[in-house]
Amino acid sequence: MKTIELNVERRSTVGKNEARRSRAAGRVPAVVYGAGKPTVPVSVDRKALSDAFRHGAGENAIFLLKLAGSDQSRHAMIREFQRDPVSRKPLHIDFVRVLLDTKIRVKVPIEVVGVAQGVKTEGGILDFVTREVEIECLPNNIPEHLPIDVGELAIGDALRISQIPAIEGVTVVDDPEKVLVHVTHPTFEKAPEVAAAEAATEITEPEVLKKGKVATEEEPEVKEKEKEKEKKEK
């Protein structure tokens with residue numbers, strides 16, 4: 001993995017007011033800690049940081065932090081990156097020191113390669129279950145992603161962590177039985193015209209019986225009125 005150089009300046013004071021002044025001046029407050037050494041408050045030029053990300057600095061990028069006004073430098077990774085929820089501008093960065101000759105554990109994204117047979121010819125759906133896997137390696141050996149070929153998967157098939165192709169110098173430390181992807185049957189819904197046809201065939205038997213009963217109850221009353229009419233005519 002490529003090492004990205006980044007100039008930093010030591011902050012003489014800390015606190016919210018100092019952090020606001022740094023951001024107003026186009027700098028991002030940060031700290032550098034770890035490796036058994038004291039925490040050092042620093043700041044990073046916002047534009048230089050943006051350029052680093054624009055030119056390929058990913059989640060597991062290794063930075064060479066150079067302290068302004070000195071010959072000191074230190075390899076580090078970003079442990080936490082805080083952004084403004086509205087503007088998305090960086091608010092604060094936590095750098096953790098790393099030693100290039102000491103293995104570290106990081107999470108690396110899974111990259112799907114190919115199109116599963118179960119999707120291509122059987123109409124199945126590829127379900128992406130696990131998108132990141134934890135690995136252990138030297139900082140300079142961190143891969144950008146772990147590729148998995150899904151081309152041979154039929155409906156009902158799955159790929160697990162244990163089936164990730166081996167990469168020299170990289171050890172996968174996640175549960176080997178954890179499912180990465182699997183191909184499932186599609187779920188079908190009833191077409192609207194079918195559902196309407198089924199609803200139309202339903203017979204509400206109680207309503208029919210009720211109408212018949214009402215007619216039977218009214219019949220004696222009708223006959224009585226006819227008899228009274230005949231008497232008057234006579």
Quiz item: When the Cα centres of the stretch 1-78 and the stretch 93-120 are compared, how far apart do they sit, in Å?
Solution: 23
Quiz item: How big is the stretch 1-129 in terms of Cα radius of gyration and Dmax, in angstroms?
Solution: 19.0, 64
Quiz item: Which of the trypsin sites (Lys or Arg not before Pro) found in the stretch 8-102 are loop residues per DSSP with 14 or fewer other Cβ atoms within 10 Å of their Cβ?
Solution: Arg88
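Can you pull a Stokes-Einstein diffusion coefficient for the stretch 104-184 at 20 °C (1.002 mPa s), Rh from Kirkwood over Cα pairs, as a whole number of µm²/s?
Working: Rh = 13.1 Å.
Taking Rh from Cα pairs, D becomes 164 µm²/s.
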Self-check item: Hydrodynamic radius (Kirkwood) for the stretch 55-94, which is based on Cα pairs only, to one decimal in Å
Solution: 11.9
Practice problem: Read phi for every residue in the stretch 99-116 and hand back ³J(HN,Hα) as whole Hz from Karplus 6.51 cos²θ - 1.76 cosθ + 1.60, θ = phi - 60°, with x for Gly and Pro. | Solution: 10, 5, 9, 10, 5, 10, 10, 9, 9, 10, x, 8, 10, 7, 10, x, 10, 4
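Quick note: the coordinates plus some simple rules give every number you see, no bench work behind them. Keep in mind that what you see is a predicted model, and the values were worked out from it rather than measured. As a convention, Cβ positions derive from the backbone with ideal geometry for all residues, glycine included, and neighbour counts pool all protein chains shown.
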